[in-house]
Amino acid sequence: MSVSAAAPGRSVCAPLPVLGRDVTVPLVTGGEVTYAALDYAASAPALQRVWDDVAAYAPYYGSVHRGAGHLSQLSTDLFESSRRTVAEFLGCRPDDEVIFTRSTTDSLNLLARALPAGCQVFVFATEHHASLLPWRGAQVTYLDAPRSPGQAVDALERALALRGPHGPALVCVTGASNVTGELWPVAELAAAAHAHGARIVLDAAQLAPHHPVSVRDLDVDWVAFSGHKLYAPFGAGVLAGRTDWLHEAEPYLAGGGASRRVTRRADGSVDVEWHKGAARHEAGSPNVIGAYAIASACEALTEAGFDTLVAREQQLIRQVREGLAEVPEVKVLSLFGDDAPRVGVISFVVQGWNSSHFAAALSAEYGIGVRDGLFCAHPLVRTLLGGDPQARGECGAPEAAPGEVSLNAVRVSFGAGTPDEHVERFVSAVRELVRDGAKWQYRTEGGRCVPVV
Ligand SMILES: Cc1ncc(COP(=O)(O)O)c(C=O)c1O
């Protein structure tokens, strides 16, 4: 990553090269523009470095843990060395284990299946559905939305104190909100959990792409994240951390790779001895390209340096927030307030606009890709909008026709690959849309606003 002199209002260094940076898209009003991908929180573009590494390996692709051939050996080595790279990236303890999964959702469901009998789970109702829902088979305490990091720690302390010292317990918490971008006090929550004999899993889906994450420094028991949000969109995710619950649990998937020995009993039935270790929960042929892509992204981010990446992203955040603050019709959603530390994820509503309409106009008239809806965090977004947190709604489905008041929000998100021009275009597009209205007609189709053609 090259570092350039910072002109006033410009970011401190160049963005990391990502795929798709030159892709142009048609505008409904005529002509084409370079696509401004501002939906990193959903899926970030692949780092060029990740793509190049995967392409260089692709001719050598082979089966993992199940082949005698040279390329199988090479692929097995690559898969296992990717595990070590990820462990290093996450600052894991020596006896922690890295399990490759499909995604954060998959990782947290795996852990949910490995909870010891009688385990109590504590989770804030503000979590992304991936961290909120997998525990429903256990005894779950849902904590109300805190209005400051301190309140979050106090609420957890109180809830854990009530449970008494007995039995296993798990706290699940996000590192950075996928709605507000706000950072949660993970180390403090971990200390509170441990003081009460509970364990803690960190949902780092939105944290790991923006910030260094150290399992050891934060003292969390597990961490989960997704490759496709970390510039490595090849279908893999990670669960890393303590081994004991995982080794005691039934394998997440039953099948080859997880089984060490399968035999017939005298009565003809089948008996199985499962692996201990990561293989226990990685049944089936491993996704070596996905794992390698994640490892490549970890190395690329580490080499670029999080200090530089964070400084650059904070400048983009300031630019967007200051730009939005100049538009009185825009209300930015926040749980912890303006001064809370945050990553490049910002959600807002625009007075008089349906969010789906606003997002559709940003796309069709300005070539800007954002997300609208409830962002798979329905209770949190409804709390922030002042709506009924019990209300139902489909993920991303607009709840009002174009022109009506919005019950959902617009989210803009960015990261290491975002050029200054994208956020500048976004801020001026918001200003222009609010001032002049949409230039085009829109209608609702299949639950989404689309330009009338
Ligand atoms: C905070 C958070 N956790 C978990 C997830 C789920 O990630 P995935 O869809 O990759 O499983 C997301 C996805 O947006 C997220 O933002």
**Study point:** For the chain, calculated [θ]222 nm from helices alone, where every DSSP H run of n ≥ 4 adds -39500 (n - 2.57)
**Key:** -10500 deg cm²/dmol
Revision key, fill the gap. Highest mean packing first, using Cβ neighbours within 10 angstrom, the peptides 102-114, 210-222 sort as 102-114, 210-222
Exercise for review: Grab the beta carbon distance between residue 145 and residue 273, set R0 = 35 Å, and tell me the FRET efficiency rounded to 0.05.
Suggested key: 0.15
Point to revise | Helix 355-366 vs. the chain, principal-axis angle (Cα, 0 to 90°, nearest 10) | key: 70 degrees
Review point. Say each of residue 88 and residue 63 gets a label point 7 Å from the Cα, pointing the same way as Cα to Cβ; how far apart are those two points in nm?
Key: 3.0 nm
Review point. Given 315, 213, 173, which one lies farthest toward the positive end of the charge dipole of the chain, if we put +1 on the Cβ of every Lys and Arg and -1 on the Cβ of every Asp and Glu?
Key: 173
Point to revise | Positive-end residue, the chain charge dipole about Cα centroid, Cβ charges, pick of 349, 27, 376 | key: 376
Practice item. Using 0.36 nm per residue of separation minus the Cα-Cα distance, give me the extension gain between residue 55 and residue 435 in nm, one decimal. Key: 132.2 nm
Study note, to complete from the structure: Checking rank on 352-359, 330-337, with mean other Cβ inside 10 Å and highest first, the result is 352-359, 330-337
Exercise for review: For the chain, give the percent of accessible area contributed by carbon and sulfur heavy atoms, probe 1.4 Å, rounded to a whole number.
Suggested key: 53 percent
Check your understanding: What number, in percent, do you get for the relative contact order of the stretch 109-256 if the mean sequence gap of Cα pairs under 8 Å and at least 6 apart is divided by its residue count?
Key -> 21 percent
**Study point:** Size of electric dipole in the stretch 49-303: Cβ of Lys, Arg +1 and of Asp, Glu -1, about Cα centre, debye, nearest 20
**Key:** 600 debye
Study note, to complete from the structure: Taking Rh as the Kirkwood radius computed over alpha-carbon pairs of the stretch 49-303 and applying Stokes-Einstein at 20 °C with viscosity 1.002 mPa s, one gets a diffusion coefficient in µm² s⁻¹ of 113 µm²/s
Review point. Under 27 Å from the Cα of residue 229, which lysines turn up, not counting those fewer than eight places away in the same chain?
Key: 331
Practice item. Treat every Asp and Glu Cβ in the chain as -1 and every Lys and Arg Cβ as +1, leave all other atoms uncharged, and give the resulting dipole magnitude about the Cα centre to the nearest 20 debye. Key: 680 debye
**Study point:** Between 0 and 90°, nearest 10: helix 186-195 axis offset from the chain longest Cα axis
**Key:** 40 degrees
Review point. Going by alpha carbons, how many degrees (0 to 90, nearest 10) lie between the helix axis of 420-436 and the longest principal axis of the chain?
Key: 50 degrees
Review point. Taking one equal scatterer on every alpha-carbon of the chain, how large is log10 of I(q)/I(0) by Debye at q = 0.09, 0.11 1/Å?
Key: -0.62, -0.91
Practice item. Over the chain, average the accessible area per residue using a 1.4 Å probe and give it in Å², no decimals. Key: 42 Å²
Review point. Assuming R0 = 51 Å, what is the FRET efficiency of residue 29 and residue 80, from their Cβ-Cβ distance, to the nearest 0.05?
Key: 0.45
Practice item. Nearest 5 is fine: what % of DSSP beta bridges in the chain come out antiparallel, could you say? Key: 65 percent
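The values are calculated or read from the model by the stated rules, or taken from the named source; none is laboratory data. Keep in mind that this is a model prediction, so the values were computed, not measured. Every residue, glycine among them, receives a Cβ derived from its backbone with ideal geometry; neighbour counts consider all protein chains shown. Keep in mind that these areas ignore ligands, DNA and RNA; they rest on the heavy atoms of the full protein, side chains included. Shrake-Rupley method; radii C 1.70, N 1.55, O 1.52, S 1.80 Å.
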